[in-house]
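Chemist: Structure below; questions to follow.
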Amino acid sequence: MSRWQIRISVLLVLGVSMGQAPLEASTKTAVAVLESLAVKGRAAKTGFDRAQFGPVWSDVDHNGCDTRNDILNRDLTAKEFKSGTHGCVVLSGTLSDPYSGEKIPFVRGVGSSMDVQIDHVVALSNAWQTGAFKLTYEKRLALANDPMNLLAVKGRLNSQKGDGDAATWLPPQKNIRCAYVAQQIVVKAKYGLWVTPPEKAAMVALLAKCPGFKAPTN
C-alpha cells in the first residue's frame, strides 16, 4: 500500500482533522453505502453560487484558524508558519500530492499559493445539483468546510476536475481511486445527497477492482 493510500485510508477511518471527533471504522463496505444512496438525474444548476455554502473559508470549528489553513496544516510536511498566528497561517511546506504522486512545494503568496489548492472531493457545484440546494445554509456551510470532503492537492488537477463526478474525472494516480470514490460516497451519504446513474455506474465499476473496501461512519 502506498503512502497516499495509507494517508487517505487513515483520513477516512480515523478522521484525523483539527477539531473533529474521530470517525469509527464501519463494518459496511463503500459499495453497501453507495447502495443506500438515492439515484436521480442531475438537478439544474439554477441558483448555485459559492456564497450559498458560506464564506470561501470559515473557522467552523472555532479553533482560531480557517479551514484552508487547517487542511494545509494537516496535509503538508516541513511546514513554516507566519509568526503571530499561533501556528495557524501556513507560509510554506511540501505536499505529497495524492492525485499525481508528485512532491509539490507550497509557498504562500499571490500566484504561488495556487500551486497547491484545497479540493472539495464532492465538488460544491456537484453537491448543489445532487441535493445540496435543499439543505439549510448551516448544512451547506458544514459541507464546504468538512475535512472529510477536503484534500490539499496539485492546483492544476483541482482546476482540471472542476465540478466533475466519478463518471467524468478520477485522479491520475490509479492506486488511490478506490479511496477517493469511497470518500465521495461517504460525504454524499453524510449530507443526504444523491448520485446520478452514470456516476453510480462508474463508482460500482471502480469499486469492483477493490472488493470489500470499507467506508467510515461518524
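Chemist: Could you please find all residues in the stretch 165-199 being under 23 Å from R140 (Cβ atoms) and of a type in the set (K, R)?
Modeler: Of everything in the stretch 165-199, those that are under 23 Å from R140 (Cβ atoms) and of a type in the set (K, R) turn out to be K188, K190.
Chemist: I would also like to ask the following. Please go through (1) out of contact with any Leu (no Cβ under 6 Å at 6 or more places or on another chain); (2) among the β-branched types (V, I, T); (3) in contact (Cβ under 8 Å) with a residue 24 or more places away in the chain for I104 and return the number of the only condition it doesn't satisfy.
Modeler: Only one criterion is unmet by I104, namely (1).
Chemist: Looking only at the stretch 135-153, how many residues end up being under 14 Å from A189 (Cα atoms), under 10 Å from the mean Cα position of the chain (by Cα) and not in a helix (DSSP H, G or I)?
Modeler: Number satisfying all stated conditions: 1.
Chemist: Report the residue count in the stretch 157-171 for those that are surrounded by 15 or more Cβ atoms within 10 Å (Cβ to Cβ) and farther than 15 Å from L124 by Cβ.
Modeler: 5
Chemist: How many residues are farther than 18 Å from K188 by Cα and in contact with a strand residue (DSSP E or B) (Cβ under 9 Å, 6 or more places away or on another chain) when one looks only at the stretch 35-77?
Modeler: Residues in the stretch 35-77 being farther than 18 Å from K188 by Cα and in contact with a strand residue (DSSP E or B) (Cβ under 9 Å, 6 or more places away or on another chain): 12 in total.
Chemist: Any idea which of A44, A25 is at pLDDT 90 or above and touching a helix residue (DSSP H, G or I) at 6+ places or on another chain (Cβ under 8 Å)?
Modeler: Numbers: A25 fails: at pLDDT 90 or above.
After ruling out the rest, the residue left standing is A44.
Chemist: Moving on to the next point. Would you be able to tell me the number of residues in the stretch 92-131 that are out of contact with any Gly (no Cβ under 9 Å at 6 or more places or on another chain), surrounded by fewer than 18 Cβ atoms within 10 Å (Cβ to Cβ), part of a strand (DSSP E or B) and not β-branched (V, I, T)?
Modeler: 3
Chemist: While we're on this one: Test M203 against the criterion of being farther than 25 Å from D61 by Cβ, touching a residue at least 60 places away in the same chain (Cβ under 8 Å) and either touching a helix residue (DSSP H, G or I) at 6+ places or on another chain (Cβ under 9 Å) or in a helix (DSSP H, G or I) (or both), and give yes or no.
Modeler: Numbers: farther than 25 Å from D61 by Cβ: yes; touching a residue at least 60 places away in the same chain (Cβ under 8 Å): yes; either touching a helix residue (DSSP H, G or I) at 6+ places or on another chain (Cβ under 9 Å) or in a helix (DSSP H, G or I) (or both): yes.
Answer is yes for this residue.
Chemist: Filter the stretch 175-218 down to residues that are touching a Gly at 6+ places or on another chain (Cβ under 9 Å) and within 21 Å of T27 (Cβ to Cβ), then give me how many there are.
Modeler: Summing the residues that are touching a Gly at 6+ places or on another chain (Cβ under 9 Å) and within 21 Å of T27 (Cβ to Cβ) in the stretch 175-218 gives 3.
Chemist: Looking only at residues that are of a type outside the set (D, E) and farther than 15 Å from H120 by Cα in the stretch 53-73, which one is surrounded by the most Cβ atoms within 10 Å (Cβ to Cβ)? Full working, then the answer.
Modeler: Applying the first criterion (of a type outside the set (D, E)) to the stretch 53-73 yields 53-58, 60, 62-65, 67-69, 71-73.
Subset that is farther than 15 Å from H120 by Cα: 60, 62-65, 73.
Values: V60: 18, H62: 8, N63: 14, G64: 12, C65: 21, N73: 19.
Checked the stretch 53-73; the qualifying residue surrounded by the most Cβ atoms within 10 Å (Cβ to Cβ) is C65.
Chemist: For the stretch 175-200, what are the residues that are part of a helix (DSSP H, G or I), within 22 Å of L135 (Cβ to Cβ) and polar (S, T, N, Q)?
Modeler: Q183, Q184
Chemist: Kindly list the number of the only condition in (1) in contact with a helix residue (DSSP H, G or I) (Cβ under 8 Å, 6 or more places away or on another chain); (2) assigned to a helix (DSSP H, G or I); (3) over 23 Å from G47 (Cα atoms) that fails for A166.
Modeler: Among (1) in contact with a helix residue (DSSP H, G or I) (Cβ under 8 Å, 6 or more places away or on another chain); (2) assigned to a helix (DSSP H, G or I); (3) over 23 Å from G47 (Cα atoms), A166 violates only (2).
The values are calculated or read from the model by the stated rules, or taken from the named source; none is laboratory data. Because the structure is a prediction, the values reported are computed rather than measured. Methodologically, a virtual Cβ is constructed for each residue, glycine included, from the backbone with ideal geometry; neighbour enumeration extends over all protein chains shown.
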